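The values are calculated or read from the model by the stated rules, or taken from the named source; none is laboratory data. For clarity, every value in this text was computed on a predicted model and none was experimentally measured. All Cβ positions, even for glycine, are placed from backbone atoms using ideal geometry, and neighbour counts span all protein chains on display.
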Amino acid sequence: MRRPNDPPVLILTSLADGPKHGHALAKDIEQFAGVTLGPGALYGAITRLEERGLIEALPAEDRRRPYRITAAGSTALTAAVAEMRRLADVGAERLARSVTRRRRLA
Amino acid sequence: MTGRARLLRCYPPAWRERYGDDLAAYLDDTYAGRLPLRAASSLVAGGVREWVRFIRASFAALPAAGRVRAGALIVLAGWAAFVVAGSGFAKISEHFDSSLSARSRIVPDIAYAVVQDVATVSGLIVVIGLVLAVPALLRLLSSGGWPVIRRHVMRAAVASAVTAGTTIAVAAWAHQLSAAQRNGGNAGYAALFLAWAGLVAVTVALWTVAVIGTARRLTLPRPVLLAEGALATALTLGMLIMLVAAAVWWAAMASAAPSFFGGAPGIGAAWTPQLLATATLMVAGLASAAVGVVRIAQAVRAM
């Protein structure tokens, strides 16, 4: 889980806000990340996350099965967010330095 | 069955059991009416991914001996695809000698002879592999295993009978036609020939399924398993040689007698649809066999 637009990161981020079923998950991800996951990619990622114990299924409502993030999922998301934040900080710092250098040269 | 239900069948049964209803509800909630192509292709790709994972997981769960057998059966499935492709190659290359001068004949002749000889050796390898499994098959049958394999075997036997009958009809008709009529000049014969080719492919596929279904239930002693693994490796090597020889034959023919393929001169024009389908099937068969050999090598190391 490295890139911010990885389906597992997106799903964990969405579920960090509370349990959701497939459709609500996809809508939420589209809203906060602007990413449209195809049904194959969405359910592939759900399968993988559930196998790794990062999310769990709640009892089905009608045919819809809501999923919620587990403690292990929260830990994995915290680590992924920290890693992304570190990369963002490095990027921002380097950009700031390059702007300063350009100003000096000008 | 609706289009959505058909697409869900791209997934392994165990996966469908777990997520099928949920995914169907998601599709109903998200897409009204017909599924967009993008969603359909995402489902197909997802289904293929889950099948690959399922097969890998099933393979990994097997003991080393089971993995050797499974690897050998993957090679056998690849060889079956190669046999069907080989029939296509035999048809494409019919009477190729008559399109060549004595001088330009040397390379295609040698390449064609290599394909034929290695095909014979490969057939023998498969027969030896089957013979080695006969004692285990007899043990299976004597312990009441026939009902378990009967459906597969009977289906393949019926397909063989139908194919044999069609072969006689095709051969009888072919004898009454000229070479030009046999090669596209007679639409009825061409249709029957295509149907016959399809039947041959189905029969080979059904026998392969029957052999795989039966072999999975056999208890093979370790020396037999190792021999089957070695034979499967030799068979894959034979397929590689045949593929290379067929490619050499094609390149030599495209260069010396491009008109043989019915197109304009030049290598590009020598890619007829039949040749493309044959080459694709050969490469797919060899790729499958190569996967089987890698699995065998890994399993043998773990034995």
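Selection of the range A:53-83 for residues being among the charged types (D, E, K, R) and in contact (Cβ under 8 Å) with a residue 24 or more places away in the chain yields A:E61, A:R64, A:R65, A:R68, A:E83.
This table checks each residue for (1) among the hydroxyl-bearing types (S, T, Y); (2) over 27 Å from the mean Cα position of the chain (by Cα); (3) within 20 Å of B:W79 (Cα to Cα); (4) surrounded by fewer than 17 Cβ atoms within 10 Å (Cβ to Cβ).
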site: B:I106; (1), (2), (3), (4): no, yes, no, yes
site: B:A190; (1), (2), (3), (4): no, no, no, yes
site: B:F193; (1), (2), (3), (4): no, no, no, no
site: B:A201; (1), (2), (3), (4): no, no, yes, no
site: B:V204; (1), (2), (3), (4): no, no, yes, no
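Say we look at the range B:252-276 and pick out the residues that are more than 19 Å from B:H95 (Cβ to Cβ) and part of a helix (DSSP H, G or I); which of these is modelled with the highest pLDDT? Of everything passing the filter in the range B:252-276, B:L276 is modelled with the highest pLDDT. Only one entry of A:E30, A:E61, A:E50 meets the criterion of being over 14 Å from A:V9 (Cα atoms) and either within 14 Å of chain B (Cβ to nearest Cβ) or over 15 Å from the mean Cα position of the chain (by Cα) (or both), and that entry is A:E61. If you go through the range B:206-222 and keep only what is of a type outside the set (S, T, Y) and either in a loop (DSSP other than H, G, I, E, B) or modelled with pLDDT under 85 (or both), you end up with B:R216, B:R217, B:L218, B:L220, B:P221.
Is it the case that the range B:181-203 has a residue that's part of a helix (DSSP H, G or I), in contact with an Asp or Glu (Cβ under 9 Å, 6 or more places away or on another chain) and not basic (K, R)? The answer is yes, given that some residue of the range B:181-203 is part of a helix (DSSP H, G or I), in contact with an Asp or Glu (Cβ under 9 Å, 6 or more places away or on another chain) and not basic (K, R).
Restricting A:A26, A:A33 to residues that are buried (at least 21 other Cβ atoms within 10 Å of the Cβ) and more than 22 Å from B:A57 (Cβ to Cβ) narrows the list to A:A26. With respect to the conditions (1) over 18 Å from B:R67 (Cα atoms); (2) polar (S, T, N, Q); (3) modelled with pLDDT under 95, B:T203 lacks only one, and its number is (3). Kindly evaluate B:A40 against the criterion of being crowded, with 19+ Cβ neighbours inside 10 Å and either in contact with a Ser or Thr (Cβ under 9 Å, 6 or more places away or on another chain) or at positive phi (or both). Judged against the criteria, B:A40 is not a match. Just for the range B:17-65: of the residues that are among the charged types (D, E, K, R) and more than 11 Å from chain A (Cβ to nearest Cβ), which one is farthest from A:G44 (Cα to Cα)? Step by step, filter the range B:17-65, then rank; the result is B:R34.
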